[in-house]
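The values are calculated or read from the model by the stated rules, or taken from the named source; none is laboratory data. Note that the structure is a prediction, hence the values are computed from the model and not measured. Cβ placement follows ideal geometry from the backbone for every residue including glycine, while neighbour counts extend to all protein chains displayed. Calculation scope for accessible area: heavy atoms of the full protein, side chains included, ligands and nucleic acids excluded. Shrake-Rupley method; radii C 1.70, N 1.55, O 1.52, S 1.80 Å.
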Amino acid sequence: MITITDDPMSIEDLLEVARGEAVELGPPALDRIAAGRAVVEAALAGGDPVYGLNTDLGHNKDVRLPEDDLRRLQEVTLAAHAGGVGPPLTTELVRAAMAVRVNGIARGGSGASVPAVRTLVEMLNRGVHPVVASRGSVGAGDLGQMADIALVAIGRGRAEYDGEIVDGGTALARAGIEPHVLRPKDGLALMSANGVSIAHGGFVVERTERFADLADRAAVLSLEAIGGNPSIVHPAVSAAKPFGGQLEASLHIASLLEGSLLLEEERPSVQDALSFRVVPQVHGALREFLTVARDAVEVELNAHSDNPLVSVEDGAMIHNGNFHPVVMALAFDALRVAVAHTAQLSERRMSHLWDATFAHPAFASAQADQGTRSLVGLSLRYPGAALFAEVKGLAQPATLDIPPLDFGVEDHATGAPLTVRATERALDLAEDVAVVEMLMARGLVVMGDSRPSLGKGAAALVESIDAALAELPPDVSAADAHAHVRHRLR
């Protein structure tokens, strides 16, 4: 059970909810929600114009609405914005987006009513998962996608319940949940959030952390395979340029090299090609921007991002632009470039592995052995280059291409969902590149009658790859071998 209080929610907590953990609202959260709602009620009684409360939306922002229309506006708002295209989001991502909104409302800045957020909590806990289109947000609030979720909370839309797609009202009824009756501000509060972008960002941060580890292991195995110089992770190097990411990468690589013959023997060359020599710096940069992305996601996750913002302390509703997750969007643009640089090093090292493999004294005999899987990596060298070209293509910014919308009123957006989605795609391809490198390096390491004395990281990796390949038939295709090894390593 994840209890939401007035403490910040972590990405780890968010992903636990995404994967099925139940949620409850602690007393501090309920107090904040109630306090925020009191400000909304006071604003309604006061009569001053407040966007989306007693005025219309978008370019009609200055059109006052009669009191009798205020409740109706909330449902019309959801129905009008619930537009998206593409395949539905995964259940995990939908659950995470719902949890993002629950946590955001619990900060007290939305002005949503307590029953509104309780309905989302019950939906999470009883397995009512709205069907949400995967495309449609420009990153100034994931309005259409969050509206898909909110419609189910009021008994409309579509949802998955117990493995079946049904209308929202049926899903709620089967789960024993009463549809929420919207109050003024509820509809806008439920949909006006970057729930999908933030939730997806949490998943991508987690995946990048795994990729950083995988990239280190691939580089270490290649270093072992070519007999490279381990001086790149000497403590003096990190101390001379104290980036936290570089230090972390260096320490990890050094731990993987423990027990390696490379630490004892003389080097045939004083230093290696840059694709080996700058691994701590490039992999360190990946970690630096990963930290930026993680921090940005967690700030957005725990932010008061509503417009109008309810300031409990001031007793006021303030028009603002906190729905713009521009720091997070830019962080993922930068992270994707760092992923591309890491993949580029991996692809460049393949050339050195290629040369060393063909120059190996045992290459001819290994090539003649039709039953061996040792050379499967060579078959993947060209696909590896093609994969990197795709990663490189994804490295361009995704945050600058949204045109002005709604009569020019909405003339800037962040592209947050696009940049997060592009980063996930880049990671997918970069993992493929790393596995190609591993298979090439493993082929070089095992070639001949004896294997070098590997460090613990490379030895464990070779053992894992060997075990995965042993599960495959002798005539397995390179594509199937790659896919199976990647699956086992993940």
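Applying the set (1) open to solvent by 50 Å² or more (accessible area, probe 1.4 Å); (2) farther than 20 Å from Ser222 by Cα; (3) in contact (Cβ under 8 Å) with a residue 12 or more places away in the chain to Pro361 leaves exactly one unmet item: (2). Taking the stretch 60-114 as the range and being in a helix (DSSP H, G or I) and among the charged types (D, E, K, R) as the test, the residues that pass are Glu67, Asp68, Asp69, Arg71, Arg72, Glu75, Glu92, Arg95, Arg101. In the set Ala236, Ala249, only one residue is assigned to a helix (DSSP H, G or I), modelled with pLDDT of 95 or more, surrounded by fewer than 16 Cβ atoms within 10 Å (Cβ to Cβ) and of a type in the set (A, V, I, L, M, F, W, C); that residue is Ala236. Take Leu378 and decide whether it is within 30 Å of Phe243 (Cβ to Cβ) and either in a helix (DSSP H, G or I) or open to solvent by 20 Å² or more (accessible area, probe 1.4 Å) (or both). In short, no. Tallying residues that are modelled with pLDDT under 90 and either crowded, with 16+ Cβ neighbours inside 10 Å or of a type in the set (Val, Ile, Thr) (or both) within the stretch 80-107 yields 3. Among residues of the stretch 84-99 that are charged (D, E, K, R), those with a Cβ under 7 angstrom from a residue that is open to solvent by less than 50 Å² (accessible area, probe 1.4 Å), sequence gap 6+ or separate chain, pair up as Glu92/Ala18; Arg95/Val17; Arg95/Ala18; Arg95/Leu124; Arg95/His129. State all residues of the stretch 108-123 that are over 17 Å from Glu75 (Cβ atoms) and surrounded by fewer than 23 Cβ atoms within 10 Å (Cβ to Cβ); if no residue qualifies, say none. Matches in the stretch 108-123: Val114, Arg118, Val121, Glu122. Kindly indicate whether Asn302 is open to solvent by less than 40 Å² (accessible area, probe 1.4 Å) and polar (S, T, N, Q). Taking the combined requirement at face value, the residue satisfies it. Scanning the stretch 389-432 for residues that are acidic (Asp, Glu), in contact (Cβ under 8 Å) with a residue 24 or more places away in the chain and surrounded by fewer than 13 Cβ atoms within 10 Å (Cβ to Cβ) turns up just one, Asp406.
Under the condition of being part of a helix (DSSP H, G or I) and in contact with a helix residue (DSSP H, G or I) (Cβ under 8 Å, 6 or more places away or on another chain), the residues counted in the stretch 252-273 number 7.
Among the conditions (1) closer than 30 Å to Ile154 by Cβ; (2) part of a helix (DSSP H, G or I), Arg183 misses just one, which is (2). If the condition is being out of contact with any Lys or Arg (no Cβ under 9 Å at 6 or more places or on another chain), open to solvent by less than 70 Å² (accessible area, probe 1.4 Å) and farther than 29 Å from Thr5 by Cα, then the stretch 28-62 contributes Gly46, Gly47, Leu57, Gly58, Asn60.
For every residue, the table says whether it meets (1) aromatic (Phe, Trp, Tyr); (2) under 18 Å from Leu454 (Cβ atoms); (3) in contact (Cβ under 8 Å) with a residue 24 or more places away in the chain; (4) buried (at least 24 other Cβ atoms within 10 Å of the Cβ).
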site: Gly195; (1), (2), (3), (4): no, no, yes, yes
site: His200; (1), (2), (3), (4): no, no, yes, yes
site: Thr208; (1), (2), (3), (4): no, no, yes, yes
site: Leu214; (1), (2), (3), (4): no, yes, yes, no
site: Val220; (1), (2), (3), (4): no, yes, yes, yes
site: Pro230; (1), (2), (3), (4): no, yes, yes, no
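Condition test on Ser260, is it open to solvent by 40 Å² or more (accessible area, probe 1.4 Å), within 26 Å of Leu378 (Cβ to Cβ), more than 23 Å from the chain's Cα centre (by Cα) and among the small types (Gly, Ala, Ser)? No: the conditions fail for Ser260. Taking only the stretch 454-478 into account, find how many residues are open to solvent by 60 Å² or more (accessible area, probe 1.4 Å) and touching a helix residue (DSSP H, G or I) at 6+ places or on another chain (Cβ under 8 Å). The number of residues fulfilling the criteria is 2. Entry remark, the stretch 1-38: residues being outside any helix (DSSP H, G or I), farther than 14 Å from Ser110 by Cβ and either within 22 Å of the chain's Cα centre (by Cα) or of a type in the set (A, V, I, L, M, F, W, C) (or both) number 10 in total.
So that you can scan it fast, the table gives a plain yes or no per residue for (1) more than 26 Å from the chain's Cα centre (by Cα); (2) of a type in the set (A, V, I, L, M, F, W, C); (3) at pLDDT below 95:
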position: Gly109; (1), (2), (3): no, no, yes
position: Val114; (1), (2), (3): yes, yes, no
position: Gly127; (1), (2), (3): no, no, no
position: Val138; (1), (2), (3): no, yes, yes
position: Arg158; (1), (2), (3): no, no, no
position: Gly201; (1), (2), (3): no, no, no
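Taking first residues from the stretch 268-279 that are closer than 12 Å to Ala219 by Cα and partners that are part of a loop (DSSP other than H, G, I, E, B) and open to solvent by 80 Å² or more (accessible area, probe 1.4 Å), the Cβ contacts under 9 Å between residues at least 6 apart in sequence or on separate chains come to Arg277/Gln271.
Entry remark, the stretch 128-151: residues being assigned to a loop (DSSP other than H, G, I, E, B) and of a type in the set (Ser, Thr, Tyr) number 1 in total.
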